1. Take the Cα atoms of the stretch 3-175, find their three principal axes, and give me the spread along each one in whole Å, biggest first.
2. Per-residue HN-Hα couplings for the stretch 77-85, Karplus 6.51 cos²θ - 1.76 cosθ + 1.60 at θ = phi - 60°, whole Hz, x for Gly and Pro?
3. In what sequence, highest mean first, do 147-156, 94-103, 113-122 appear when ranked by Cβ atoms within 10 angstrom?
4. Order of Ile17, Ile39 from fewest to most other C-beta atoms within 10 Å?
Amino acid sequence: MKVLVPVKRVVDYAVKIRVEPKGVDLKNVKMSMNPFCEIAVEEAIRLKEKKETLRTALAMGADRGIHITTDMRTDQELQPLAVAKLLKEVVAKEDPKLVICGKQSIDADAAQTGPMLAGLLDWSQGTFASEVAVEGDAVNVTRETDAGVETLKLGLPAVVTADLRLNEPLRRGPHPAHRRGGGQGPASRKAGIKVANVDELVDKLKNEAGVI
């Protein structure tokens, strides 16, 4: 099953924004992937891991990335409908069965791109997902709302938007074996001893340990 995950580049959440009379100054500001998009990527990778034999030599990750560019100036922001229309063209070309988006970006907080994409594609949609499980030609989406927990069974293809509760993104490196193997543990500590009285304790602290 092919899964498509749109991601957005936003101002890093830890950056303090400088506001000027003419607007927000974004020069030399650190940019990062939108946190909700990270969750969407992580969920797509987890779904992929469930369907394939685990690779031992290389870390699991996304298969490909598609960089979408426009002619807009860097100080302009694409509206959700425009983004959804761009993504619709990508979906038509890539033909995925499932699109997982972050539920919203932390700059605009519109939470509209995923639902608009589903509307343009005429696909099923499940928003604010806290759990995703693919079963055959359907996907079960659990979502937490003010009214409680709701589980939707959607026919594929579908669009799902990821909530913070869905998962915690991992930082996968290219070679996990290099991270885990070949290292040496800390040296073992010497066993402790018992002393008979306070005088012996003071003597050992002074003459052996050198701490007093």
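What follows is calculated from the coordinates using simple rules that are stated; it is not laboratory data. The structure presented is a predicted model; accordingly, all values stated were derived computationally and were not measured. Cβ coordinates were reconstructed from backbone atoms using ideal geometry, including for glycine residues, and neighbour counts include every protein chain displayed.
1. Between the extreme Cα coordinates on each principal axis of the stretch 3-175 lie 54, 40, 36 Å.
2. Couplings: 10, 5, 6, x, 5, 5, 5, 4, 5 Hz.
3. Ranked from most to least packed, the peptides come out as 94-103, 113-122, 147-156.
4. Ile17, Ile39
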